[in-house]
Amino acid sequence: MQLNDKLLIGKSDDKELSILLNKANRHGLITGATGSGKTTTVKVLAESFSDAGVPVFVSDVKGDLAGCAFAGEASESIEERLKKLNIEGFDYKAFPVRFWDIYGELGHPLRAKVCDIGPQILSIMLGLSEAQEGVLSIVFQIAEDEDYKLIDLKDLKLLLQYVGEERKEYINKYGNITSQSVGVIQRSLLALEQQGADLFFGEPELDINDFIAMDNEGKGYINILDSQKLFTNPDLYASFLLYLLTTLFEKLPEVGDTDKPKIVFFFDEAHLLFNALPNYRLKRIVQVVKLIRSRGIGLYFVSQRPTDIPDEVLSQLGNRIQHTLRAYTPTELKVVSAAANSFRANPEFDTEEAIKNLGTGEAIISFQNEDGIPEVAEKAIILPPQSKFGSIDATSRNKIINNSSLIGKYDEAVDSESAYEKIMALMEEKKKEEEEKQRAIEEEKQKKIEEKEAEKKKKEEEKANKEKNAMKKRITTTAVSSIERKIINSLWNKIFK
């Protein structure tokens, strides 16, 4: 609930626990065991920001957040909680929602150009090794140097094939390009296509400003990324969230301190962002988290345990909500202890024991005060959401999508001229040149064969003529001798008659 410049999230006895809007971009953390109430807390936060005119982006892993689009209904348990919290003026209401889906099935399609994703994030999607990522980076650099526009996967696949075939031409300038690495990348791209993720790459690409929108009443839109299917591929899910994080940082201008955030992002299952993350990538994320608040952006990480988040990131999260953690083993007890120690101690209770004994919908809360200092930990009950609990039916979802002002903007993929067409033309030209070269070689071979045949024929003709002349000479000589003999015989006969 929005109250003045505060977002009321929970209450501890008569003490209201609220996020100050001008401190909301100091980021936050929501943690707790499965079933402890994290999703409800995210819902309450999203609704409160929306009421305050702050757009929200949230990934919906279970489909439970779609109900934000419809007003909630009174129930015995909710009314009991409101009475316990002594909340007045609580309204059940709907919030402006936009649905998104990288597969284009349960929301507006989300697309990005391959060149905008970049080799680092794409390497995470493909599960590449450091050496394979190096080859992919070379391919991207070749694309940039030779003006090959990498829009969709067919562009990248064809460029990989071309670079693989012509790698000897590139090695001296760019470094080693092994056929093995090229083959691994090609097979990984094929696997990504088979998962349907190729739908994410292409145009029209997402305009990040479409997330930063308000309805006619001044409420911020709650942008819900349907992640039920996406989450079955954790690497793709994490990579997409990283892409959004870096895109926000790179494309939105600095605004300094503001009265309220321009937009707030909730990253559910945030541990996936940091799984097996190389140190150089982690440094980049830490840098983005530190600096992105100057763009007026608040980041809220949602995960089961605070230890899922690297310490360098945790230190940047000023607003914290800790739901119950179940601890039975020494390792789990250490996690609870670490969570308790991340709060300013409250002398009225033992934070560590409180975390282990919280009920569903209860949490340990600490928000930043006006001076930017975290308040002492408070044991509190989270407010109920004002919108509907749970998922919605397909008809209701489609109605919201079809009535959106964005309908038609992203629906149809556009296949504009890009690297594929340029490389195909180049390969066709090289093929023709090769064919011409081969034809010239064949013609030269044929010419030599014909010359040899002609020479052979000439020699045979000369030999035949020589033999003919010799025979003619012999015939002539033989003929003359016969006549002469006849004359001599005639003369002889006359003399001696």
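The values are calculated or read from the model by the stated rules, or taken from the named source; none is laboratory data. If you're wondering where the values come from, they're calculated on a predicted model, not measured in any experiment. With ideal geometry, Cβ positions are generated from the backbone for all residues, glycine too; neighbour counts draw on all protein chains shown. For accessibility, only protein heavy atoms count, side chains too; no ligands or nucleic acids. Shrake-Rupley method; radii C 1.70, N 1.55, O 1.52, S 1.80 Å.
Can you list the aspartates and glutamates whose alpha carbon is less than 16 Å from that of Lys409, not counting same-chain residues fewer than 8 positions off?
Asp101, Glu105, Glu203, Glu205, Asp207, Asp210
Can you tell me how the chain classifies by the Cα gyration tensor, rounded, prolate or oblate, using a/c under 1.5 as the rounded cut?
In terms of gyration-tensor shape, prolate.
Given a 1.4 angstrom probe, I'd like the percentage of the accessible area of the chain that is carbon and sulfur, rounded to a whole number.
Accessible surface attributable to carbon and sulfur in the chain totals 49 percent.
So for the chain, taking the charge dipole from beta-carbon charges (+1 Lys/Arg, -1 Asp/Glu), which of Gly107, Asn216, Ile171 sits furthest toward the positive end?
Farthest towards the positive end: Ile171.
Need the C-alpha centroid separation for the range 199-268 versus the range 405-438, integer Å.
30 Å
Report the extension gain between Glu250 and Glu417 in nm, rounded to one decimal, defined as 0.36 nm multiplied by the number of residues separating them, less their alpha carbon distance.
Full extension from Glu250 to Glu417 adds 57.5 nm.
Ranked by accessible surface with a 1.4 Å probe, highest first, in what order do Val255, Val135 come?
Reading off the accessible areas and sorting them downward yields Val255, Val135.
Over the chain, what is the mean sequence separation of C-alpha contacts under 8 Å (at least six apart), divided by residue count, expressed as relative contact order in percent?
Relative contact order of the chain: 27 percent.
Evaluate E = 1/(1 + (r/R0)^6) for Ile441 and Glu146, where r is the Cβ-Cβ distance and R0 equals 22 Å; express this FRET efficiency to the nearest 0.05.
About 0.15, to the nearest 0.05.
Go through the range 92-103 residue by residue and turn each phi into a ³J(HN,Hα) via Karplus (6.51, -1.76, 1.60, θ = phi - 60°); whole Hz please, and just put x for glycine and proline.
These are the phi-based 3J(HN,Hα) values: 8, 7, 9, 10, x, 10, 10, 9, 10, 7, 5, 8 Hz.
Excluding ligands and nucleic acids, what accessible area in Å² is computed for Lys422 using a 1.4 Å probe, to the nearest 10?
Lys422 has an accessible surface of roughly 90 Å² with all protein chains in place.
Under a crude label model (7 Å from the Cα following the beta-carbon direction), how far is Asp91 from Asp207 in nanometres?
About 3.0 nm, to one decimal.
If each of Tyr328 and Lys459 carries a label point 7 Å out from its Cα toward its Cβ, how far apart are those two points in nm?
Going by the 7 Å Cα→Cβ label model, 9.8 nm.
What FRET efficiency comes out for the pair Ser75/Phe349, r = Cβ-Cβ distance, R0 = 30 Å, nearest 0.05?
Taking R0 as 30 Å, the efficiency between Ser75 and Phe349 is 0.50.
Considering only DSSP beta bridges where both residues belong to the chain, give the percentage that are antiparallel (nearest 5).
40 percent
Cross-link candidates for Lys456: which lysines have Cα within less than 27 Å, leaving aside residues fewer than 8 places away along the same chain?
Filter leaves Lys445, Lys447, Lys448, Lys466, Lys468, Lys472, Lys473.
Using the structure shown, select from Lys6/Lys262; Lys62/Lys388; Lys432/Lys452; Lys84/Lys388; Lys62/Lys399 the pairs with a Cα to Cα distance greater than 23 angstrom. Each step should come with its number before you reach the end.
Details: Lys6/Lys262 16 Å; Lys62/Lys388 15 Å; Lys432/Lys452 30 Å; Lys84/Lys388 21 Å; Lys62/Lys399 20 Å.
Pairs exceeding the cut-off: Lys432/Lys452.
Filter the cross-link list Lys154/Lys431; Lys43/Lys113; Lys83/Lys379; Lys38/Lys379 down to pairs whose alpha-carbon distance in this structure exceeds 26 Å.
As for pairs spanning more than 26 Å Cα to Cα, those are Lys43/Lys113.
With unit charges on the beta carbon (Lys/Arg positive, Asp/Glu negative), name the residue among Ala345, Gln186, Ala69 whose Cα is farthest towards the positive pole of the charge dipole of the chain.
Of Ala345, Gln186, Ala69, it is Gln186.
Accessible area per residue for the range 209-308 in Å², computed with a 1.4 Å probe and the full protein assembly in place, what is it?
Details: 4060 Å² over 100 residues.
Each residue of the range 209-308 exposes 41 Å² on average to a 1.4 Å probe.
Multiply the residue gap between Leu282 and Lys229 by 0.36 nm, knock off their C-alpha separation, and tell me the result in nm, one decimal place.
On the way: separation 53, 0.36 × 53 = 19.08 nm, distance 2.64 nm.
Length gained, Leu282 through Lys229: 16.4 nm.
Of Asp411, Asp226, which has the most accessible area and how do the rest follow, probe 1.4 Å?
Numbers: Asp411 60, Asp226 5 Å².
Ranked list, largest accessible area first: Asp411, Asp226.
Would you work out the charge dipole size for the chain about its Cα centre, treating the Cβ of every Lys and Arg as +1 and the Cβ of every Asp and Glu as -1, and quote it to the nearest 20 debye?
In debye, rounded to 20, the chain gives about 4160.
Just to verify a number: what accessible area does Lys473 come out at with the full protein assembly present, 1.4 Å probe, Å² rounded to tens?
The value for Lys473 is about 140 Å².
Counting only helical runs of four or more DSSP H residues, what would the 222 nm mean residue ellipticity of the chain come to if each run contributes -39,500 (n - 2.57) and the total is spread over all its residues? Mind showing how you got there, number by number?
Details: 15 runs with 233 residues, N = 497.
For the chain, the value works out to -15500 deg cm²/dmol.
Can you give me the distance in nm between label points at Leu82 and Ile487, each placed 7 Å from the Cα along the Cα-to-Cβ direction?
Roughly 15.2 nm, to one decimal.
Full-extension gain between Glu217 and Val376, please, as 0.36 nm times their residue separation minus the C-alpha to C-alpha distance.
So the extension gain works out to 53.6 nm.
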